[in-house]
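Written out below as structure tokens is the structure these notes cover.
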Amino acid sequence: MTETTHGGAVGVKPPPTPDDRLSPAELAAKYGLSVSGARPSLPEYVRQLWARRHFILAFSRAKLTAQYTQAKLGQLWQVVTPLLNAAVYYLIFGLIMGGRKGIPGGQDNYIPFLVTGVFVFTFSQTSVLNGVRAISGNLGLVRALHFPRASLPISISLQQLQQLLYSMIVLVVILVSFGHFPGWSWILVLPALACQFLFNTGLALIMARLGSKTPDLAQLMPFITRTWLYASGVMFFLPYQLESKAHAEPWLVDLLQANPAAVYMDLIRFAFIDGYPASTLPPHVWMLALGWGLIFGIGGFVFFWKSEERYGRG
């Protein structure tokens, strides 16, 4: 122990300790300290998400309930909105532009074909559009509470899945009214929707990370998703229009049929609509459906996780 003087005052300096020789990083390691808000390992991150599964589900339900609270029709807009879109597409593409031609099973299947496509595509479209704002639109929550940020885009995909299931009730009524009754093929809808949900979740995670740093992306995405809609055959049978009207090369037809939205729409149309031949489906359609789901689901999750510690900062 040593004594020092400063301005006439006497101070006592404690003797050196072993910790004095350690760097800040070594001190933190010695006493088990970690950086506040540091990104956990990937397995640990998955465990944290699973531990908060009840929050994710409750948050998605709350968002779904609050979505139309100011509207007089309330939750009915979940079904009315895609139906109105289908009505507009039927008028423009079905009646005026002749989009009913070439529909598998005949032109009488056009309305079930169209409504199924609108509902299935809307599932992916809204996951993308809302995923862009998953972080930037919930900054107060992100900055106030500590939780895995992937909870937000995942809850958005769950919200859109619940909305699609409500829409399916109306879709079933439309299918039955046009003579397409439940059969064993309807079971195929379940694995198709599971693959699409995995794909949508990964896409929402990717867009959430990009949107957190580039808020203007939210203004651009409606134009991108609108182009995606036209390129996926929502309002018309894609191979017929490309081959008969546009005289497109076979490789271009195969490429557009293999895009994720077209794959999931084709599978669900094949499951629901009688007379929709398997020959109209793209080659290896189930491998495509599963592959798109795994590539985007796993890849999007890792891509989002890599920026975990930066969300809500700056």
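The values are calculated or read from the model by the stated rules, or taken from the named source; none is laboratory data. Note that this is a predicted model, so its numbers are computed, not measured. Using ideal geometry, Cβ is built from the backbone for each residue, glycine included, and neighbour counts are taken over all protein chains shown. The accessibility values were calculated without ligands, DNA or RNA, using every heavy atom of the protein model including side chains. Shrake-Rupley method; radii C 1.70, N 1.55, O 1.52, S 1.80 Å.
For the range 62-81, filtered to residues that are touching a helix residue (DSSP H, G or I) at 6+ places or on another chain (Cβ under 7 Å) and surrounded by 14 or more Cβ atoms within 10 Å (Cβ to Cβ), the residue that is modelled with the highest pLDDT is K63. Checked against the criterion of being surrounded by 17 or more Cβ atoms within 10 Å (Cβ to Cβ), in contact (Cβ under 8 Å) with a residue 40 or more places away in the chain and farther than 14 Å from Q241 by Cβ, the range 92-105 contains one or more residues that satisfy it. Only a single criterion out of (1) more than 26 Å from A58 (Cβ to Cβ); (2) open to solvent by less than 20 Å² (accessible area, probe 1.4 Å) is not satisfied by P191, namely (2).
For the range 158-182, filtering for residues that are farther than 13 Å from R269 by Cα, in contact (Cβ under 8 Å) with a residue 60 or more places away in the chain and not hydrophobic (A, V, I, L, M, F, W, C) leaves 6. Against the definition (closer than 26 Å to R100 by Cα, among the polar types (S, T, N, Q) and assigned to a helix (DSSP H, G or I)), how does T227 come out, yes or no? Taking the combined requirement at face value, the residue satisfies it. For the structure I just gave you, tell me whether Q125 is surrounded by 21 or more Cβ atoms within 10 Å (Cβ to Cβ) and either at pLDDT 80 or above or assigned to a loop (DSSP other than H, G, I, E, B) (or both). Answer is yes for this residue. Residues that are open to solvent by 80 Å² or more (accessible area, probe 1.4 Å) and assigned to a helix (DSSP H, G or I) within the range 282-291 comprise W286, M287, L290, listed in sequence order. Within the span defined as the range 205-227, one or more residues are of a type in the set (K, R), open to solvent by 40 Å² or more (accessible area, probe 1.4 Å) and within 22 Å of G299 (Cα to Cα). For A278, indicate whether it is over 22 Å from G94 (Cβ atoms), without any contact (Cβ under 8 Å) to a residue 12 or more places away in the chain, hydrophobic (A, V, I, L, M, F, W, C) and in contact with a helix residue (DSSP H, G or I) (Cβ under 7 Å, 6 or more places away or on another chain). The answer is yes for A278. The number of residues in the range 171-220 being part of a helix (DSSP H, G or I) and of a type outside the set (A, V, I, L, M) comes to 17.
One residue stands out among those in the range 282-292 that are at pLDDT 95 or above and over 15 Å from L188 (Cβ atoms): the one that is nearest to the chain's Cα centre (by Cα), which is W292.
Anything in the range 248-281 that is within 28 Å of I206 (Cβ to Cβ), open to solvent by 50 Å² or more (accessible area, probe 1.4 Å) and more than 24 Å from the chain's Cα centre (by Cα)? List them, or say none. Across the range 248-281, the qualifying residues are W251, L252, D254.
Scanning the range 228-239 for residues that are aliphatic (A, V, I, L, M), in contact (Cβ under 8 Å) with a residue 40 or more places away in the chain and crowded, with 22+ Cβ neighbours inside 10 Å gives V234, M235.
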